[in-house]
Amino acid sequence: MSLDALNLDLPTLLAIAGMAIVTYATRLGGWLALRRLVLSGRARAALDAVPGAVLAAVIAPAVLATGPAETVAAAITVVAALRLPQLAAVVIGVASVVLLRLAMS
Amino acid sequence: MTSRTLEEMRASAIAVLPAAVAVIPFGLLLGALAAQKGLSVPEMMLMSATVFAGSAQFVAVDIWREPAPWLLLTFTALLINARHLLMGASWAPKIRHFGTGTSLLALFSMVDETWALCEQRATRRPLTPAYVLTMGGILWVNWIAWTGLGAALGSLMGDPAVYGADFAFPAIFLTLLVGLWQGPRTGVAIAASAIVAVIVHMNVEGPWFIAAGGIAGALAGAVFAPSDEAAAEGGE
């Protein structure tokens, strides 16, 4: 069976393989390293900051540089997430952006 | 199979059930958005089965285009999944009594939800392979199935901006950010990252703003390390 028949293409397969390999490497890395190396000081603080920093970088253009509807909806989402389960906060955020776009268009 | 093993599997399945249900809409959404970016159902299921990391897959689909920028996607997955290093490190002493093969499988199935549930379990009783692998296996099959179904249905969905689905990515990550909040230090890292990301996004073609922001945030985290941690390093 050819790649075409399976609806797969080569750059896509390369991307999935690359993502899978580095992701498994991150899962193994900490486990492999721990017996010999315990991070401390600034190295640990830098690694601690990575998840939040990456998530913030991903959404910053969409939230801060798209328009007022997105920025206000983001603020509403954060307030909702402080009080409600994650899924409810996401639904409220998406509903707010739809209403705000209608109101502001 | 001993009754002890069965009991561990049962406890694991019950513990993971809420997470397995909560992830369904996210799986459907990821699959639908992936389909709109040109990914096929087998490609979506292959990615879910081999990468098995929700936030990295959401980001990957968000920046996906044809042909796939595989180097950029790989580097982005590495940055987003850097947190696994700490999670795996914290699991290491708790799964030390597992065999090597079992450990490799347990770590493959380690996602935020199973990691947290097993950490919680380990405070009360020793982790067993049955407990760790049952919940990992359930979430793995669950994730492949719902993202695959989402991709199959996604081609029927039309323009996601009409019903605000394009904002689901920012909304999901904002709620995850709220969950990561650990005080002003987190705020400094997030602010540094967001500012650098916006500047790079406006000036550099392509999604490199993610790497730039992530590195800026990590540097800010190091600069504003709590004084006890910085002192620990100075004393070494």
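Readers should treat all values here as calculations from the given coordinates under stated rules, not as data from a laboratory. Worth saying up front: this structure is predicted, and the values here are computed from it rather than measured. Cβ placement follows ideal geometry from the backbone for every residue including glycine, while neighbour counts extend to all protein chains displayed.
Of note:
- The protein assembly as shown: calculated mean residue ellipticity at 222 nm from DSSP helix runs of at least 4, using -39500 (n - 2.57): -25000 deg cm²/dmol
- Of all complete DSSP H helices in chain B, those with a Cα span along the helix axis of 30 Å or greater and a mean Kyte-Doolittle hydropathy of 0.0 or more are B:129-154.
- Build a GNM of chain B with springs between Cα atoms under 10 Å apart, and of B:PRO42, B:PRO129, B:PRO226 the one that fluctuates most is B:PRO226.
- Placing +1 on each Lys and Arg Cβ and -1 on each Asp and Glu Cβ, with no other charges, gives chain A a dipole about its Cα centre of roughly 580 debye.
- Over chain B, relative contact order from alpha-carbon pairs under 8 Å, at least 6 apart, %: 29
- Considering the protein assembly as shown, its Cα convex hull presents a mean projected area of 19.0 nm².
- Take each residue of peptide B:38-49, count the partner chain Cβ atoms within 10 Å of its Cβ, and average: the result is 4.
- Arranged from fewest to most other beta-carbon atoms within 10 Å of their beta carbon, B:THR128, B:THR123 become B:THR123, B:THR128.
- Projecting the Cα atoms of A:ALA65, A:ALA80, A:GLY29 onto the dipole axis of chain A, where Lys and Arg carry +1 and Asp and Glu carry -1 at the beta carbon, places A:GLY29 farthest toward the positive end.
- Calculated on the Cα set of chain B, radius of gyration then Dmax: 19.6, 62 Å.
- Ranked list, fewest to most other Cβ atoms within 10 Å of each Cβ, for B:MET45, B:MET1: B:MET1, B:MET45
- Ranking of B:TYR131, A:TYR24, B:TYR163 by count of other Cβ atoms within 10 Å, fewest first: B:TYR163, A:TYR24, B:TYR131
- Based on C-alpha pairs under 8 angstrom that are at least 6 apart in sequence, chain A has a relative contact order of 15 percent.
- The charge dipole of chain B, taken about its Cα centre with unit charges on the Cβ of Lys, Arg, Asp and Glu (plus for the first two, minus for the last two), comes to roughly 660 debye.
- Cα long-axis angle, helix A:41-64 against chain A (0 to 90 degrees, to the nearest 10): 40
- Unit charges at the beta carbon, dipole of the protein assembly as shown: most positive-side option, A:LEU55, B:ILE14, B:LEU139: B:ILE14
- Among residues other than B:ALA151 with Cβ under 14 Å from its Cβ, the summed charge is 0 (Lys and Arg +1, Asp and Glu -1).
- Mean-square fluctuations from a GNM of chain B, with a 10 angstrom spring cutoff on Cα atoms, peak among B:GLY221, B:GLY154, B:GLY27 at B:GLY221.
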